[in-house]
Each structure stands twice: as C-alpha cells, then as structure tokens.
Amino acid sequence: MQPYRGVDFYGFEAQLSDEERSVRDTVRSFVEQRFLPVIREHHAAGTFPSELARELGELGLLGPSIHGYGCPGLSSTLYGLICQELERGDSGLRSFASVQGSLVMWPLSAYGSEDQKRRWLPELAAGRAIGCFGLTEPGHGSDPGGMETTASRDGAGWVLRGNKMWITNANQAHVALVWARTPDGVDGFLVERGTPGFTTQAIKGKFSLRASDTGEIALDEARVPEANRLPGARGLKAPLACLNEARYGIAWGAIGAAADCYHTALAYALERRQFDRPIASFQLVQAKLVEMLSEITKGQGLVHQLGRLKDRGINPVPLVSLAKRNNVAMALDCARAAREVLGAAGITDEYPVGRHLTNLESVKTYEGTHEIHTLIVGAEITGLPAFRG
Ligand SMILES: Cc1cc2nc3c(=O)[nH]c(=O)nc-3n(C[C@H](O)[C@H](O)[C@H](O)COP(=O)(O)OP(=O)(O)OC[C@H]3O[C@@H](n4cnc5c(N)ncnc54)[C@H](O)[C@@H]3O)c2cc1C
C-alpha cells in the first residue's frame, strides 16, 4: 500500500508554519513506528498500551498548549494537528491524550492552586502520572447538572460519596479529577489512587474504543483535604469549559480517522480488481471516494479556521459544538463508505477501517452526543434552548 500522506486536496498544509508541519510529522512517525505495530494486538485484547504514555510525554504531546510546568505551550492549531495524527492511529490513543491534556491538565492549569499545578502538571506532562476526569454518572450523562455525587465538609477536608461511569483512563489513573455537588454548587476534587473509599472497575465487553481504558469510579466516603479542591472551579460551567477544550481536539481528531479510512479505501480500490479492472475505475466506487474526500476537505476547513480563532483567544462553545458534531459524523460516514469499498476485507482487522468505524460510534456519543451538539447550535441560532425545561 502507498505510504500515508494525509489528505490535503485544498492545500491547507501550505498555511501551516514550519514548526506546525514538523511537529505534525513527528507525531505521524511516532504513530507509524510505535503505535500502529501494536494496535491490532491491543484492540483484540481490549487494552491500552500504557507503556507509550512516557513516550507521548517525551514528545510533548500531553497538555501541549499549556504554558510552563513542563508543558511546551504550543499553538491551538498544533494541538489540533497532534489530535489528528493520534486519532489516525486510533481514537483510543487520541482519547488518552485528550483526557490527560484537556480534561485533567487544562483544568489544573486554569483552576488549580499553585501547589496543585507544581505537584501534578510536570508529572502528567511527562506521562509519569496518568489522570482521569469523572463527570458522567450512571444516571446522568447528557444532563450532568443532575449529578448525585456529593462532597460534604468534614473538618478541614471533604468527604465524597457517589459513582462515576464511563470514565476514560479510570483504571490506570494515579489521580482522578472528580466533579461533585457541594452546598455551594459544583466543585472539582483531585482524588489520588490509594485514597480509602476510592475504587475503580473496568467496563468490559466494549465493541468500541477497545484500545482505551474505560471504567467506573466508586466514592464510598472518600476523604480528601481542602488542598485537593480546585480553588478556581466553581459551578457546572467549570467542567463544561474543560469539555469545550477536549471537543476542539476531537473535531481535529476525527479528520485523522476519516483520512486513514479514505487513504485505505483509495489504495485498496486501486489494487483490487473485479471484472478485469481495478474497482477504482467503477463510477460507483469513485463516487464513494469523492464523497469522502469532499467531506474531509470541508471538515478540514472548519478545524483550520477554528484553530486560528482559538489562537486569537476566540473559542465559543457553539462553534466547537458545530465542528465536533460535523466532523465526527463525517468521519463515521467515511468509515462506513470505506468499509463498503473494501468489501469483505473491510470487516477484518487486517485493515483499520472496521476499528475506526466502531471507535467513532463512541466518539459520536462522548463529550456531548451528536444530538446535544445539535441543540447547542440550535439554541445559539434561535435563542431558544431546547434542552432546558
Ligand atoms: C468510551 C467512552 C468514554 C467516555 N469517557 C468519559 C470520561 O472520561 N469522563 C466522563 O465524565 N464521561 C465519559 N464518557 C461518558 C459520555 O460523556 C456520555 O456517554 C455522554 O455524555 C452521553 O451520556 P449517556 O451515555 O448517559 O447517554 P444519555 O444522556 O442517556 O443519552 C441517550 C440518548 O438520548 C439522547 N438525549 C439525551 N438528552 C436529550 C435531549 N435533551 N434531546 C435530544 N436527545 C437527547 C442522547 O443524545 C442519546 O442519543 C465516556 C463515554 C464513552 C462511551
């Protein structure tokens, strides 16, 4: 098969700086040399290659747009390009980096105390410590405002009670950022593994994101000191702002998964012969390839513009929602079309499209479902929020 060169039909690449191109190429090489050789085995076993965490750290890919505390302070566009290349490998790899960087390190940098930043950011940036983000509960997914997990004052500290569900990195995390209801609203607490009353359990039997650690967290009177509460995070808007950071990366990441499906389908269609001709010569196959290319190109337009806006400090929720919603649905459509182009071969793990296809089902649901992002954009354009009573 032809070497992977990404998709650049409209010349977005020419707008990248030398640094952006160079980091993008470094991540692409890491994915090809260190991740792709092991993904089939991890996907089959349902495990994440956590031994790669330190390598991701050494390359500066964990919390890359944070400044200081061991983080390189790269541009938002570069963060997006990193997500794109990681998700070209697997959505599980990008999920690991998104949770670590956008959902644990970003809130630490935005809402944490100086001590919390010094203690955790360098460790998390280096991949020596792994973090997870616990917002979703068994009874509250799309509506985290209904959260039942509580934190009550206990002398100088807090006691946490409740359950979190579907938590990426839960079982390998050294520290969990858990969101809980307090008498004053919603607060974020750092709960370290080993805290009595804090336990995690793997969620088994996943069809999707198999190479990602997903688990439940139980908080059974877990006691944490006041020093573990994020002082700057008040109210539900704090975890929602973290999600906006992660969704930005997902919008980019989906381009990587879609581009890998397109690349695989095009190469296969040029090689595979039926009726004495390459199947790429048939109009119906060409239509599928052109549709993929067209939708990927439109999705690239969204994220390149979003990246430049974010670099200028403009990052409105509805714009991120529109890009996440569009690009993930687009990538899922590309994966389905690529699977069809590959025929029976598309259902095996010899090719990545079946893996991307099942992964993207989760990506369409997490970090705000496709429907919730529709309602966020709907509320923006009509002024009428449909998801509130
Ligand atoms: C692999 C994986 C990893 C995850 N990682 C994390 C993590 O690290 N941390 C974390 O906190 N969470 C995580 N999640 C949870 C994820 O964010 C939730 O699954 C998501 O928010 C949806 O919640 P739910 O699954 O409970 O679905 P529900 O909220 O029950 O929704 C079910 C369906 O109803 C629809 N729906 C709900 N409300 C409305 C409405 N008002 N109007 C129209 N339709 C509606 C939804 O769109 C969806 O189609 C993860 C999920 C998965 C699958």
**OP:** Averaging over all projection directions, find the projected area of the Cα convex hull of region 240-389 and quote it in nm² with one decimal place.
**Re:** 10.1
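What net charge do the residues around ALA337 carry, taking every other residue with its C-beta under 10 Å from that of ALA337, with Lys and Arg at +1 and Asp and Glu at -1? Could you put the intermediate results ahead of the total?
Details: positive: LYS288, ARG336, ARG339; negative: GLU291, GLU295, ASP333, GLU340.
That sum, taken over residues with Cβ under 10 Å, equals -1.
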**OP:** Please work out the C-alpha center-to-center distance from region 249-273 to region 111-183 and express it in whole Å.
**Re:** 36
**OP:** Taking the Cβ of each residue in TYR10, TYR366 as the centre, tally the other Cβ atoms inside 10 Å and list the residues starting with the fewest.
**Re:** TYR10, TYR366
Original post:
Of all the Cα-Cα pairs you can form in region 131-263, what percent are over 19 Å apart?
Top reply: 52
Original post:
Ranked by Cβ crowding within 10 angstrom, fewest neighbours first, how are ASP220, ASP333 ordered?
Top reply: ASP220, ASP333
Original post:
Taking square-rooted eigenvalues a ≥ b ≥ c of the alpha carbon gyration tensor, is region 38-178 rounded, prolate or oblate, where a/c under 1.5 means rounded and, failing that, a/b exceeding b/c means prolate?
Top reply: oblate
Original post:
Taking square-rooted eigenvalues a ≥ b ≥ c of the alpha carbon gyration tensor, is region 272-353 rounded, prolate or oblate, where a/c under 1.5 means rounded and, failing that, a/b exceeding b/c means prolate?
Top reply: prolate
Original post:
For the chain, what is the largest minus smallest coordinate of the Cα atoms on each principal axis, given in angstrom and ordered from greatest to least?
Top reply: 79, 47, 41
Original post:
Taking neighbour Cβ counts within 10 Å as the exposure measure, how do LYS324, LYS364, LYS237 sort from fewest upward?
Top reply: LYS237, LYS364, LYS324
Original post:
Quick one: how many lysine pairs in the chain have C-alpha atoms under 30 angstrom apart, if they're 8 or more apart or on different chains?
Top reply: 26
Original post:
Where in the chain lies the longest segment free of GluC sites (Glu not before Pro) that are both loop residues by DSSP (not H, G, I, E, B) and have at most 14 other Cβ atoms within 10 Å?
Top reply: 149-349
Subject >> Within a Gaussian network of the chain (alpha carbon springs, distance under 10 Å), most fluctuating of ILE82, ILE376, ILE130 >> reply: ILE376
**OP:** List the relative contact order of the chain as a percent without decimals, with contacts defined as Cα pairs under 8 Å and 6+ residues apart.
**Re:** 18
Subject >> region 298-355 versus region 207-229: alpha-carbon centroid distance in Å >> reply: 28
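A short reminder: the numbers here are calculations on the coordinates, not readings from a lab. Quick caveat: nothing in here was measured; it's all calculated off a predicted structure. Cβ sites come from the backbone with ideal geometry, for glycine too, and all protein chains shown count toward neighbours.
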